[in-house]
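**Q** Take a look at the following structure, please.
The values are calculated or read from the model by the stated rules, or taken from the named source; none is laboratory data. In this text the structure is predicted, and so the values were computed from the model without any measurement. Neighbour counts run over all protein chains shown; Cβ positions are idealised from the backbone, glycine included. The accessibility values were calculated without ligands, DNA or RNA, using every heavy atom of the protein model including side chains. Shrake-Rupley method; radii C 1.70, N 1.55, O 1.52, S 1.80 Å.
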Amino acid sequence: MRYLTAGESHGPQLTVIIEGLPSQMPLSKEKIDEQLARRQKGYGRGRRMQIEQDQVQILSGVRFGKTTGAPVTLVIENRDWTHWKKVMGVHPIPEEAEKRRISRPRPGHADLNGAIKYNHRDLRDVLERSSARETAARVAVGAVALQLLEFCKIQVVGHVVQIGEIEAERILDLSCEEIKRRSEASPVRSVDKNVEQPMMDLIDQAKKEGDSLGGVVEVLVEGVPVGLGSHVQWDRKLDGRIAQAMVSINAFKGVEFGIGFEAARLPGSKVHDEIEWSEERGFYRRTNRLGGFEGGMTTGEPIVVRGVMKPIPTLYKPLMSVEIDTKEPFAASIERSDSCAVPAASVVAEHVVAWEIAQAMLEKFPADTADEWIEQVNRYRERTRLF
């Protein structure tokens, strides 16, 4: 199973093609739209979210509400396109292109690197594609994956654990259902109600000062069977693939599983998870410090993965840069932006993880139809329980 996305931030639309879904799988447009709406929420979001009301069009691969086995095409319209036709159109309008040309790269963005790599003298040719607007397409992809995972009772949920220096209290015994309930009710997508207002106050302060904030998000996955991924080749280790997916989200700079970097300070006796067995559960771990992975494979315990998002680099108090034509110092160009996108990023992280889990499930249990697929999953779960 694989996908490709296409489209620019101010182009007419974002397009996704997904290949490899089994046939006869119910696929709901409404469920995809629901996830797209979640991505647009969150305290600290900018004016773009007031313009776009993301909804998906399913253009192929689905008939009468079920997949056919053919590639699925999804389209998300950019409503702001109406204001950008002359600037972003396929056919050149030289006076418009020159008038809106960007030659001042913003620190922290892809602007300068992309311009040098692809030999662009207008930085808009880079920033339009590198924009986080593309994450709407990735959420749509993840929303399809979530519907696939519903078949085998795998749940995926994301939430915010830190914004700036304010960190939520860790509550270890919450189920995915309870985390979802609490985070959906929170403007900052935190399960700790005590930090909501301090986080919002900090976001307001950053916005007032023309600055931005980053943070940490966490994704949990419950119901994953033992043995997804593999130890036999580096690129088949599922935790490695999830880590790559997380870092590929715009502005993400670090990933950890379970206790993560804390493991560096602890002895092995306080890091590794002891193994137990019962007739009801089969083999299981007494703790889950390693976040559901050993040797690149799932242990059957919940997957716990966190990602670090840096502050958004587009600042209303711009940093200094250098003009690419004159090589003179200038204050970097300002594009419309958010003061904090960490709550929205937790939704994006949730969906990129969902895709990796769904892909690993189809690799482990290849099938042409959804019924064949779930039969394989159920047989495997019973076998591993009796191992």
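**Q** In the stretch 266-313, what residues are among the small types (Gly, Ala, Ser) and crowded, with 19+ Cβ neighbours inside 10 Å?
**A** Across the stretch 266-313, the qualifying residues are Gly291, Gly292, Gly296, Gly300, Gly307.
**Q** State whether one or more residues within the stretch 35-43 are in contact (Cβ under 8 Å) with a residue 40 or more places away in the chain, farther than 30 Å from Phe330 by Cβ and over 19 Å from the mean Cα position of the chain (by Cα).
**A** Scanning the stretch 35-43 turns up no residue that is in contact (Cβ under 8 Å) with a residue 40 or more places away in the chain, farther than 30 Å from Phe330 by Cβ and over 19 Å from the mean Cα position of the chain (by Cα).
**Q** If Glu276 passes every condition in (1) assigned to a loop (DSSP other than H, G, I, E, B); (2) without any contact (Cβ under 8 Å) to a residue 12 or more places away in the chain; (3) of a type outside the set (S, T, N, Q) but one, which one does it miss?
**A** The one condition Glu276 does not meet is (1).
**Q** Scan the stretch 362-387 for residues that are among the basic types (Lys, Arg) and under 15 Å from Ser230 (Cβ atoms) and jot them down.
**A** Listed by number, the list holds a single entry, Lys364.
**Q** Another question, if that's okay. List every residue pair whose Cβ atoms lie under 6 Å apart, where the two residues are 6 or more positions apart in sequence or sit on different chains, the first residue falls within the stretch 220-239 and is under 11 Å from Ala360 (Cβ atoms) and part of a loop (DSSP other than H, G, I, E, B), and the second residue, located anywhere, is among the aliphatic types (A, V, I, L, M) and open to solvent by 40 Å² or more (accessible area, probe 1.4 Å).
**A** From the stretch 220-239, the pairs are Gly227/Met297.
**Q** Taking Leu202 as the residue in question, decide whether it is in contact (Cβ under 8 Å) with a residue 12 or more places away in the chain, more than 28 Å from Val16 (Cβ to Cβ), of a type outside the set (Phe, Trp, Tyr) and part of a loop (DSSP other than H, G, I, E, B).
**A** Against the criterion (in contact (Cβ under 8 Å) with a residue 12 or more places away in the chain, more than 28 Å from Val16 (Cβ to Cβ), of a type outside the set (Phe, Trp, Tyr) and part of a loop (DSSP other than H, G, I, E, B)), Leu202 does not qualify.
**Q** Using beta carbons and a limit of 6 Å, which pairs, at least six apart or on different chains, have the first residue in the stretch 287-301 and touching a residue at least 12 places away in the same chain (Cβ under 8 Å) and the second one aromatic (Phe, Trp, Tyr)?
**A** Short answer, once both residue conditions are applied: Gly291/Phe257; Phe293/Phe257.
**Q** Against the definition (open to solvent by less than 10 Å² (accessible area, probe 1.4 Å), small (Gly, Ala, Ser) and closer than 17 Å to Ile179 by Cβ), how does Ala345 come out, yes or no?
**A** The answer is yes for Ala345.
**Q** How about the stretch 165-187: which of its residues are part of a loop (DSSP other than H, G, I, E, B), under 26 Å from Gly258 (Cβ atoms) and among the small types (Gly, Ala, Ser)?
**A** Result: Ala168, Ser175, Ser186.
**Q** Determine, yes or no, whether Ala137 is buried (at least 20 other Cβ atoms within 10 Å of the Cβ) and out of contact with any Leu (no Cβ under 6 Å at 6 or more places or on another chain).
**A** no
**Q** Mind checking which helices (runs of 4 or more DSSP H) fall wholly inside the stretch 14-125 and carry at least 1 residues that are open to solvent by 70 Å² or more (accessible area, probe 1.4 Å) and among the aromatic types (Phe, Trp, Tyr)?
**A** The qualifying helices (runs of 4 or more DSSP H) are 111-118.
**Q** Can you pull out every residue in the stretch 1-13 that is open to solvent by less than 30 Å² (accessible area, probe 1.4 Å) and assigned to a loop (DSSP other than H, G, I, E, B)?
**A** Passing the criteria: Gly7, Ser9, His10, Gly11.
**Q** Here's something else I'd like to know. Report yes if some residue within the stretch 188-199 is part of a helix (DSSP H, G or I), open to solvent by 10 Å² or more (accessible area, probe 1.4 Å) and touching a Ser or Thr at 6+ places or on another chain (Cβ under 6 Å); otherwise report no.
**A** Within the stretch 188-199, one or more residues are part of a helix (DSSP H, G or I), open to solvent by 10 Å² or more (accessible area, probe 1.4 Å) and touching a Ser or Thr at 6+ places or on another chain (Cβ under 6 Å).
**Q** Moving to a separate point now. With Ala367, Ala360 as the choices, which residue is farther than 26 Å from His109 by Cα, in contact (Cβ under 8 Å) with a residue 24 or more places away in the chain, surrounded by fewer than 18 Cβ atoms within 10 Å (Cβ to Cβ) and in contact with a helix residue (DSSP H, G or I) (Cβ under 6 Å, 6 or more places away or on another chain)?
**A** On the way: Ala360 fails: surrounded by fewer than 18 Cβ atoms within 10 Å (Cβ to Cβ).
Among Ala367, Ala360, only Ala367 is farther than 26 Å from His109 by Cα, in contact (Cβ under 8 Å) with a residue 24 or more places away in the chain, surrounded by fewer than 18 Cβ atoms within 10 Å (Cβ to Cβ) and in contact with a helix residue (DSSP H, G or I) (Cβ under 6 Å, 6 or more places away or on another chain).
**Q** So, of the residues in the stretch 200-214 that are open to solvent by less than 30 Å² (accessible area, probe 1.4 Å) and not hydrophobic (A, V, I, L, M, F, W, C), which turns out to be nearest to Ala251 (Cα to Cα)?
**A** Gly214
**Q** Related question: Just to be sure, is Ala145 under 22 Å from Pro302 (Cβ atoms), in contact with a helix residue (DSSP H, G or I) (Cβ under 9 Å, 6 or more places away or on another chain), crowded, with 23+ Cβ neighbours inside 10 Å and at pLDDT 95 or above?
**A** So Ala145 fits the description; yes.
**Q** From Val217, Val224, which residue is open to solvent by less than 10 Å² (accessible area, probe 1.4 Å), touching a Lys or Arg at 6+ places or on another chain (Cβ under 8 Å) and among the hydrophobic types (A, V, I, L, M, F, W, C)?
**A** Val217
**Q** Considering each residue of the stretch 247-265, count those that are open to solvent by less than 40 Å² (accessible area, probe 1.4 Å), touching a residue at least 60 places away in the same chain (Cβ under 8 Å) and of a type in the set (Val, Ile, Thr), and give that number.
**A** Matching residues across the stretch 247-265 total 1.
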